[in-house]
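Chemist: Take this structure first; my questions come after.
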Amino acid sequence: MADIRIGYGYDAHALQAGRPLILGGVDIPHERGLLGHSDADVLYHALCDALLGALALGDIGQHFPDKDPAYKNIDSGILLKKVFELIGEAGYRVGNIDATLRLQRPKVAPFIPRMRRNIAEILSLSVDRVSVKATTTERMGFEGEERGVSASAVVLLLSDL
Ligand code: MG
């Protein structure tokens with residue numbers, strides 16, 4: 001019988017000078033970037049956790065431990081692709097995704113179309129099934145104080161059976 005699953009993911013990384021700011025696979029010009037073992041792409045990480053969560057397959061830290069040198073500064077698009085392959089092996093495909101980035105600066109609106117295309121390509125989706133939104137937090141909290149960036153994502157999975 002056909003099955004649908006919903007998954008939710010959340011992630012946050014700290015901003016630090018001397019690091020690239022990579023969001024949704026796009027290298028965004030900014031004076032600081034996100035600190036992490038991988039490239040710290042907080043949007044891709046939230047998507048990984050949403051996909052894994054939909055099938056109760058644990059989380060990104062279990063699949064790609066940050067102690068493992070293999071994942072040092074890795075392109076998180078590779079991690080997202082690996083997670084997508086797990087979903088396929090389990091007999092599911094992605095119906096749609098909806099994600100929100102929370103950051104005060106820089107303005108990321110001009111880069112969102114590229115993020116959507118990147119995600120659509122990795123997840124074998126049409127772009128109209130990939131929503132990426134961004135909001136400030138009105139200078140409140142760590143995102144608003146520009147100490148970090150967070151992202152959340154929900155995903156719907158459909159079984160092919
Ligand atoms: Mg992360």
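Chemist: Just how far, in whole angstrom, is region 77-100 from region 52-69 if you go by their alpha carbon centroids?
Modeler: Cα centres, region 52-69 to region 77-100: 13 Å.
Chemist: In debye, nearest 20, what is the charge dipole magnitude of the chain about its Cα centre with +1 on Lys and Arg Cβ and -1 on Asp and Glu Cβ, if you could check? List each step's numbers first, then the result.
Modeler: Numbers: 18 positive and 21 negative charges, 77 e Å.
Charge dipole, the chain, about its Cα centre: 380 debye, nearest 20.
Chemist: If you keep only loop residues by DSSP, which GluC sites (Glu not before Pro) in region 66-161 have at most 12 other Cβ atoms within 10 Å of their Cβ? Don't jump to the answer; show the numbers that get you there.
Modeler: Numbers: sites: 85, 89, 121, 138, 143, 145, 146; in loops: 138, 145, 146.
Those satisfying the criteria are 138, 145.
Chemist: To continue, here is another question. Once you have the alpha carbon radius of gyration of the chain, what is it after dividing by 2.2 N^0.38 Å, with N set to its residue count? Intermediate results must be reported in sequence, preceding the final value.
Modeler: Numbers: Rg = 15.1 Å, N = 161, 2.2 N^0.38 = 15.2 Å.
Rg over 2.2 N^0.38 Å, computed on Cα atoms: 1.00.
Chemist: What's the FRET efficiency of residue 117 with residue 158 using the Cβ-Cβ distance as r and R₀ = 22 Å, to the nearest 0.05?
Modeler: Efficiency at R0 = 22 Å is approximately 0.50.
Chemist: How much net charge surrounds residue 155 when only other residues with a Cβ under 9 Å from its Cβ are counted (Lys, Arg +1; Asp, Glu -1)?
Modeler: Values: positive: 5; negative: 98.
My count for the surroundings of residue 155 gives 0.
Chemist: Which trypsin sites (Lys or Arg not before Pro) in region 1-103 sit in a loop by DSSP (not H, G, I, E or B) and have at most 14 other Cβ atoms within 10 Å of their own Cβ? Show your work: numbers first, answer last.
Modeler: Details: sites: 5, 32, 67, 72, 81, 82, 93, 102; in loops: 67, 72.
Here the sparse-neighbourhood loop sites are 67, 72.
Chemist: Given axes a ≥ b ≥ c from the Cα gyration tensor, I'd like to know whether region 49-105 is rounded (a/c under 1.5), prolate (a/b larger than b/c) or oblate. List each step's numbers first, then the result.
Modeler: Details: a/c = 1.90, a/b = 1.10, b/c = 1.73.
Taking the square roots of the gyration eigenvalues as a ≥ b ≥ c, region 49-105 is oblate.
Chemist: Given only helices, namely DSSP H runs of n ≥ 4 each adding -39500 (n - 2.57), what is the per-residue ellipticity at 222 nm of the chain, to the nearest 500 deg cm²/dmol? Present the calculation step by step, with values, prior to reporting the outcome.
Modeler: Details: 5 runs with 46 residues, N = 161.
Taking each H run of at least 4 residues, the total per residue is -8000 deg cm²/dmol.
Chemist: Which percent of the accessible area of the chain is formed by carbon and sulfur heavy atoms (probe 1.4 angstrom)?
Modeler: Working: 4310 of 7860 Å².
Carbon and sulfur atoms account for 55 percent of the accessible area of the chain.
Chemist: Using the alpha-carbon atoms, what tilt in degrees (0 to 90, nearest 10) does helix 76-89 show relative to the longest principal axis of the chain?
Modeler: 10 degrees
Chemist: Taking only protein heavy atoms and a 1.4 Å probe, what accessible area per residue, in Å², does the chain have with all protein chains in place?
Modeler: On the way: 7860 Å² over 161 residues.
In whole numbers, the chain has 49 Å² accessible per residue.
Chemist: Using modelled backbone amide H atoms (1.01 Å from N, in-plane), which distant-in-sequence or interchain residues come within less than 5 Å of residue 134's amide H?
Modeler: For residue 134, whose amide H was placed from the backbone, the distant partners under 5 Å are 101.
Chemist: A further question on this structure: Compute the FRET efficiency between residue 147 and residue 124 as 1/(1 + (r/R0)^6), taking r as their Cβ-Cβ distance and R0 = 35 Å, and round to the nearest 0.05. Mind showing how you got there, number by number?
Modeler: On the way: r = 36 Å, r/R0 = 1.02.
That pair, residue 147 with residue 124, gives E of 0.50.
Chemist: Length gain on complete extension for the stretch residue 8 to residue 67, per 0.36 nm per residue less the alpha carbon to alpha carbon distance? Write down the numbers at each step before the final one.
Modeler: Numbers: separation 59, 0.36 × 59 = 21.24 nm, distance 2.44 nm.
Net length gain for the segment: 18.8 nm.
Chemist: OK, next. Using mean Cβ contacts within 10 Å as the protection proxy, how do 15-22, 149-156 order, highest first? If you can, show how the numbers build up before the last one.
Modeler: On the way: 15-22: 16.5, 149-156: 22.9.
In decreasing order of mean packing, 15-22, 149-156 become 149-156, 15-22.
The values are calculated or read from the model by the stated rules, or taken from the named source; none is laboratory data. Model, not experiment: these values are computed from the prediction. Here the Cβ is made from the backbone with ideal geometry for all residues, glycine too, and neighbour counts use every protein chain on show. Heads up: the accessible areas ignore ligands, DNA and RNA and are worked out on the full protein's heavy atoms, side chains in. Shrake-Rupley method; radii C 1.70, N 1.55, O 1.52, S 1.80 Å.
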